[in-house]
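For reference, the structure is listed below as structure tokens.
Where a number appears in this text, it was derived from the coordinates with a stated rule and is not lab data. These numbers were taken from a predicted model, which means no experiment stands behind them. Here Cβ is always computed from backbone atoms with ideal geometry, including for glycine, and neighbour counts include all displayed protein chains.
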Amino acid sequence: MPVGSSAIKFQNVSRMGAKVKSNKLSAIFVAIGGGGLISGIVSYIKRLIPEVKVIGVETYDAASMYESLKKGERVNLDSVGLFADGTAIKLVGEETFRICQEYGLDDIVRVSTDEIAAAIKDVFEDTRSVVEPSGALSVAGMKSYIQSHPEIDHSTKTYVPVLSGANMNFDRLRFVSERAVLGEGKEVFLAVKIANVPGAFRRLQKIIHPRTVTECSYRTDNSDPATDAEFSEVYTSFSVQDREKELKEVMAAMRGEGFFPYDLTDNEVAKSHGRYLVGGKNKIPERFIHFEFPERPGALDKFLDLLKAEWNLTLFHYRNQGDDIGKVLTGIQVPDHEEKRFQQFLKDLGYNYSDQTNNVIFEIFLKG
């Protein structure tokens, strides 16, 4: 019997005292690993205040209790995801499973990695405390439960997520900060095929504007002039307020321009690997310029507005890093006789830049 876990809940509920009754505690959300914490909580709560729901939370890739309760017996998972490593358990405990089955969990919510990252951000912004992924699992589950039950008036409910664990490091924080906006539904990722002609990238940006672009990778491929592609690929992400509505509008506008957009927001391989594979080699002469864009609305528009239409933009790579300066790598096809106009363009733009045309990295990877 998980006595220690029961004691945790006994202390918490006792401290609440009259607040439990006055606030009409509605549900407690608890992360599930081996099942010790939630079995202790459910056995105590269902004896003391049985009308309060006890809802477990697991990740989609480590839902051992969910699968076990569904089947009516303990299920040993073949593998588990390790992002929320504190709850990454293949097989729940025998006694904890029996207790959860006997007292009856009211629900088990499963959440994604991005939802956990968003929950870590929420906890930090509210408390200035950084919890580990498993520690934020209950908050992610609570948010998911609220979103998936619009028929409930949640403003009249009191929900309590149990937080635990602060096993966090900087490497993981970097990943969390990047994926949090996806978990909040505030960023979308698209792959877009655009016509391989000057001005196409500008038209694409006008469709996305005024939304904030958070990443953009674009590269033409002219490595074989005999088989030059009709289209080039763009990998881009941008901020949204209403993901479903805005994504539908943006993709429709892109199709109207003759582009071919693909939604990659929920494509894990694209987010983890595909974004770094955009590229190709060119045999045509081009200049590689590294810019420092100010992180403010209109910075990209100014660049594209000043760029001459006859200068083909062959490469564009940018990722928002949360700094006040955005580092942007560009490839621009500028004829030799246009050098004077090109220098004037750089001056009028007013952004810090460095000419990287002779950098060995481009000789290796980008020049055909």
Phi to ³J(HN,Hα) by Karplus 6.51 cos²θ - 1.76 cosθ + 1.60 over the range 81-90, Hz, x for Gly, Pro: x, 10, 4, 8, 5, x, 10, 7, 10, 6
With charges set only on the Cβ (+1 for Lys and Arg, -1 for Asp and Glu), what does the dipole of the chain come to about its Cα centre, in debye to the nearest 20? 900
Förster radius 22 Å - calculated FRET efficiency between residue 186 and residue 26 (Cβ-Cβ, nearest 0.05): 0.20
For residue 264, which sequence-distant residues (separation of 5 or more, or a different chain) have an amide H within less than 5 Å of its own amide H, given hydrogens modelled in the peptide plane? 189, 190, 191
Simple spin-label model, 7 Å along Cα-to-Cβ: residue 70 to residue 212 in nm? 3.8
So between residue 272 and residue 177, what do we pick up on full extension, going 0.36 nm a residue minus the alpha carbon distance? 32.8 nm
Taking the chain as a Gaussian network, where each spring joins two C-alpha atoms under 10 Å apart, which residue of 237, 79, 217 fluctuates the most? 79
Karplus couplings for the range 162-173 from phi (6.51 cos²θ - 1.76 cosθ + 1.60, θ = phi - 60°), rounded to Hz, Gly and Pro as x? 8, 9, 7, x, 9, 7, 10, 10, 5, 4, 6, 4
Of the candidate values (i) 22.1; (ii) 23.7; (iii) 21.2, the one computed for Kirkwood radius over Cα pairs in Å from this structure is (ii)
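Per residue of the chain, what 222 nm ellipticity follows from adding -39500 (n - 2.57) for every DSSP H run with n ≥ 4, rounded to the nearest 500? Please report the intermediate quantities before stating the final value.
Values: 14 runs with 144 residues, N = 368.
Computed ellipticity for the chain at 222 nm equals -11500 deg cm²/dmol.
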If R₀ is 41 angstrom, what is the calculated FRET efficiency for the pair residue 149 and residue 128, using the beta carbon separation as r and rounding to 0.05? 0.85
Tell me the GluC sites (Glu not before Pro) within the range 111-178 that lie in a loop according to DSSP and have at most 11 other beta-carbon atoms within 10 Å. 151
Report for the chain the percent antiparallel among DSSP-assigned beta bridges with both residues inside it, nearest 5. 70
At 1.567 mPa s and 4 °C, Stokes D of the range 3-183 from Kirkwood alpha-carbon radius, µm² per second: 78
Over the chain, with a Gaussian network built from C-alpha contacts below 10 Å, which listed residue (266, 153, 242) shows the highest mean-square fluctuation? 153
Longer than 18 Å from Cα to Cα, which of 24/157; 271/327; 302/347; 90/271; 281/302; 206/340 are they? Say none if no pair is. 271/327; 90/271; 281/302; 206/340
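Give me 116, 325, 361, 45 ranked fewest to most by other Cβ atoms within 10 Å of their Cβ, as a rough exposure proxy.
Details: 116 29, 325 13, 361 9, 45 23.
Ascending number of Cβ neighbours within 10 Å: 361, 325, 45, 116.
How long is the gain from residue 356 to residue 319 if the chain were fully straight, where each residue apart is worth 0.36 nm and the alpha carbon distance is subtracted? Could the numbers behind the result be given before it?
Details: separation 37, 0.36 × 37 = 13.32 nm, distance 1.84 nm.
Result for the pair: 11.5 nm of gain on full extension.
Name the GluC sites (Glu not before Pro) in the range 46-105 that are in a loop by DSSP and that have at most 11 other C-beta atoms within 10 Å, would you?
Details: sites: 51, 58, 67, 73, 94, 95, 102; in loops: 51, 73.
Passing sites in the range 46-105 are 51, 73.
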